[in-house]
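The values are calculated or read from the model by the stated rules, or taken from the named source; none is laboratory data. The model shown is predicted, which means the values in this text are computed figures rather than measured ones. Here the Cβ positions follow ideal geometry from the backbone for every residue, glycine too, while neighbour counts run over all protein chains shown.
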Amino acid sequence: MARTFAWGMVALTGGCSLINPTAEFGDLVDGGYDAGQIEDATTSDGGRDSGTDSGSHGDAEVDAGSCVPGAEVCNGVDDDCDGRVDEGDLRNLCAEGGVACIEGSCLRPVQLAAGSEHVCLVAEAGDVWCWGSNRQGQLCAPTVEEHATRPTRTELANATSIALGDRHTCARDADGAVYCCGDNDWGQLGDGSRTPSPSPVRASPLPSASSVGASSTGSCAISSGELLCWGREVGTTNRLTRPVPVPGLSDISAVSGGQQHFCAIAGAGRVACWGSNSFGVLGDGTSTPRPGQFVTVMGLTSAVAIDAGNYFTCALTPARDVGCWGINTAGQIGDGSLENRPVFTRSMTAGMHVTLAAGNTHVCATSIDGRAQCWGSNVAGALGHGGTETESPFPVGVRRADAVVLVASGGAFSCATFLSAVQCWGANDRGQLGDGSTANSSVPVQVAFDTP
């Protein structure tokens, strides 16, 4: 079940009460919005007399002043004196960057991440909101049952980065600690057990981490440029229930995992991959498995960002080009073909790109002018352009009414933050679009942070 918000009463030092006009009660509160008359005449006259309190409070008189109408902003105050709080266009309430007004504060996203069937958003204040499947407790919200069709506030706090696997979630907090929740069959929570947990548990022992990454059933953290991982050791059936150092790589700035592989950006932007090499997913031009053995992606000199999908990976170059390698049966490489590519291959995207997101079998990328393009499988409308084709090996434009800021791709769906909204498209059988329904959509729909 999604979290609902009860808008509480807020006391003002010189203005209106924040509750709708009601009958007066013997509580020294202006329940009737009658220009500051408190408990006037009797304790139940609704504010219709001369303003003296003849109820249980004797002769007390309080002058609360008058409400001077102004522009409504997100602050928990009835600024425009209409008896409502924080209502209106989010562009006015929060200005650019605020996607919801919740309990008097603007929710401003700093990161968006997607798993196979769930989504999480890290807000500027460090709180984390998630929606979608919760079958293994991956929403870090124990009160939610099997799925949440609207965003719910999680038990994660002071988060700075987050990574989602198939059925687990890991987040790094401001102190460098990493907490995980959800499925733990492979030890991907890092707490030394294989017990799933709907509440966050701390991965340990782990030095202070700077960021986190996840594969379908594993997790990694970067600490002082070194890599530590836990969960399923990619390319093997080994279970690591606590973080262990990954030797052989240093000066790491980013890490991302797919179905059975990991890739990392090391020194000078070099991309190294390891694990299963099905379909050439490691990018070394072969299909030879490399568990615990790192290979450099061929054709890629350096990268500033990477993201791994199911048996493929994509990278963003310093020149802001996007390229991918690995399986291509649904066109997820984006080069106009359906042939597997065991080396880095540039996608046919247009524009200077700033972000990219690899889902299970599709990819989305955003350009510097706010456009979003997706390619690959279009099952359930995952490409977001309203088309009905099975797949597209060519990038197609996502329907949008505003500039895209962040993007994340999951199973057969994607989500993006805009200047004043979060929207998702594609599969929605587990509520992963966050709009309060379970209906698929081939075009972006609004994520419903407000109450039903």
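Assorted remarks:
- Hey, ALA157 modelled with pLDDT of 95 or more and surrounded by fewer than 22 Cβ atoms within 10 Å (Cβ to Cβ) or not: yes
- Total residues in the range 387-413, condition out of contact with any Pro (no Cβ under 9 Å at 6 or more places or on another chain), within 25 Å of GLY326 (Cα to Cα) and in a strand (DSSP E or B): 11
- SER208 part of a strand (DSSP E or B), touching a residue at least 12 places away in the same chain (Cβ under 8 Å) and under 24 Å from the mean Cα position of the chain (by Cα): no
- Top-ranked residue of the range 431-446 - restricted to ones that are assigned to a loop (DSSP other than H, G, I, E, B) and of a type in the set (A, V, I, L, M, F, W, C), ranked as farthest from the chain's Cα centre (by Cα): ALA439
- Breaking point among (1) closer than 30 Å to GLY359 by Cβ; (2) at pLDDT 90 or above, for ARG91: (2)
- Considered as a group, the residues in the range 378-430 that are of a type in the set (Gly, Ala, Ser) and more than 25 Å from LEU139 (Cβ to Cβ) include one that is nearest to the chain's Cα centre (by Cα), and that residue is ALA403.
Results for (1) in a loop (DSSP other than H, G, I, E, B); (2) of a type in the set (Val, Ile, Thr); (3) touching an Asp or Glu at 6+ places or on another chain (Cβ under 7 Å), shown as yes or no for each residue.
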{"residue": "CYS74", "(1), (2), (3)": "yes, no, yes"}
{"residue": "ASP80", "(1), (2), (3)": "yes, no, yes"}
{"residue": "LEU93", "(1), (2), (3)": "no, no, yes"}
{"residue": "ALA113", "(1), (2), (3)": "no, no, no"}
{"residue": "CYS120", "(1), (2), (3)": "no, no, no"}
{"residue": "ALA125", "(1), (2), (3)": "yes, no, no"}
{"residue": "GLY132", "(1), (2), (3)": "no, no, yes"}
{"residue": "GLN138", "(1), (2), (3)": "yes, no, yes"}
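For (1) within 19 Å of ALA254 (Cβ to Cβ); (2) touching a strand residue (DSSP E or B) at 6+ places or on another chain (Cβ under 6 Å); (3) of a type in the set (D, E, K, R), each residue gets a yes or a no:
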position	(1), (2), (3)
CYS314	yes, yes, no
PRO318	yes, no, no
CYS324	yes, yes, no
THR329	no, no, no
ASP335	no, yes, yes
PRO342	no, no, no
ARG346	no, yes, yes
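- Test set (1) surrounded by fewer than 24 Cβ atoms within 10 Å (Cβ to Cβ); (2) not assigned by TED's automatic domain parsing to the domain that holds ASN440 - HIS147 fails condition number: (2)
- Some residue of the range 107-114 being within 14 Å of the chain's Cα centre (by Cα), β-branched (Val, Ile, Thr) and at pLDDT 90 or above: yes
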